[in-house]
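The values are calculated or read from the model by the stated rules, or taken from the named source; none is laboratory data. No experiment lies behind these values; they were computed from the predicted model shown. Using ideal geometry, Cβ is built from the backbone for each residue, glycine included, and neighbour counts are taken over all protein chains shown. The protein model used for the area step is the full one, side chains on, heavy atoms only, and it has no ligands, DNA or RNA in it. Shrake-Rupley method; radii C 1.70, N 1.55, O 1.52, S 1.80 Å.
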Amino acid sequence: FVLDSLTMAADAALQYVLDKQGRDMSRIQIQDWGEAIREVKDTLGFITTLKCHACVIAHLQVEKDEARGELRWGPLIYGKDLPGRTPIYFNSVFMTSIHTAPVGGKMVTNYRLQV
C-alpha cells in the first residue's frame, strides 16, 4: 500500500471537515483544525492495521528547536505535535534528499538516506 502523499491527504482531510460543516477555506474555525488532525491520526492508525507493507510519502518541513538550536525535519502536516509523532505509527522511517552544489568548478550531487 502506498499513500502519496500524507501532506495532500491532510489537505483532503481538512477539506472533508469543511465540506461536512458547510464552510469554505476562508471560514476555517479552530475546531476544524482539530477534527482534520483527528482524521489524519485515524488514517495513520488504519494504515497500521493493513496486512501488507505500507509506504507513506510526505513533503518535509523544517523547524528550529530553540532549546537545542538544532533543525528538525518532519512531515508537512497539520498540528503542532502530530508531525513529530507520526514516526511512532511505523516500524521504519526514512528521509531521502538530494543536494547539488558547486565543487571545484563543477556541480556535484549528493544523495542522502537517513533513518
> Hey, what did the chain get for relative contact order, percent, Cα under 8 Å, at least 6 apart?
Replying inline: 23 percent
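Enumerate by residue number the trypsin sites (Lys or Arg not before Pro) in segment 28-92 meeting two conditions: DSSP loop (anything except H, G, I, E, B), and at most 14 other Cβ atoms within 10 Å of the site's Cβ.
Working: sites: Arg38, Lys41, Lys51, Lys64, Arg68, Arg72, Lys80, Arg85; in loops: Lys51, Arg68, Lys80.
Here the trypsin sites (Lys or Arg not before Pro) that fit, given the DSSP loop and packing criteria, are Lys51, Arg68, Lys80.
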>> In whole Hz and in residue order, list the ³J(HN,Hα) couplings for segment 87-92 that follow from phi through the Karplus curve 6.51 cos²θ - 1.76 cosθ + 1.60, θ = phi - 60°; x for Gly and Pro.
In response: x, 5, 7, 10, 6, 9
> Applying 1/(1 + (r/R0)^6) with R0 = 35 Å to the Cβ-Cβ distance of Lys106 and Ser5, what FRET efficiency is obtained, to the nearest 0.05?
Replying inline: 0.60
>> From the P(r) of the chain, could you give the percentage of C-alpha pairs in the tail past 24 Å?
In response: 40 percent
> What is the helix-to-structure angle for 30-47, meaning the angle in degrees between its Cα long axis and the longest Cα principal axis of the chain, kept from 0 to 90 and rounded to the nearest 10?
Replying inline: 70 degrees
> Each residue of segment 2-18 in turn: what ³J(HN,Hα) in whole Hz from Karplus with 6.51, -1.76, 1.60 and θ = phi - 60°, glycine and Pro shown as x?
Replying inline: 10, 10, 10, 9, 4, 4, 5, 5, 5, 4, 5, 5, 5, 5, 4, 4, 5
> In terms of modelled amide H atoms, which long-range or inter-chain residues lie less than 5 Å from the amide H of Val56?
Replying inline: Leu3
> Once the piece of chain linking Ala67 and Cys55 is laid out straight, how much longer is it, given 0.36 nm per residue of separation minus the C-alpha distance between them?
Replying inline: 1.1 nm
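Report, to the nearest whole %, how much of the accessible area of the chain belongs to carbon and sulfur atoms, 1.4 Å probe, protein only.
Values: 4610 of 8480 Å².
Percent of accessible area from carbon and sulfur atoms in the chain: 54.
Please state the shape class of segment 19-64: rounded when a/c is under 1.5, otherwise prolate if a/b exceeds b/c and oblate if not, all from the C-alpha gyration tensor. Can you show the working numbers first?
Values: a/c = 2.83, a/b = 1.54, b/c = 1.83.
Taking the square roots of the gyration eigenvalues as a ≥ b ≥ c, segment 19-64 is oblate.
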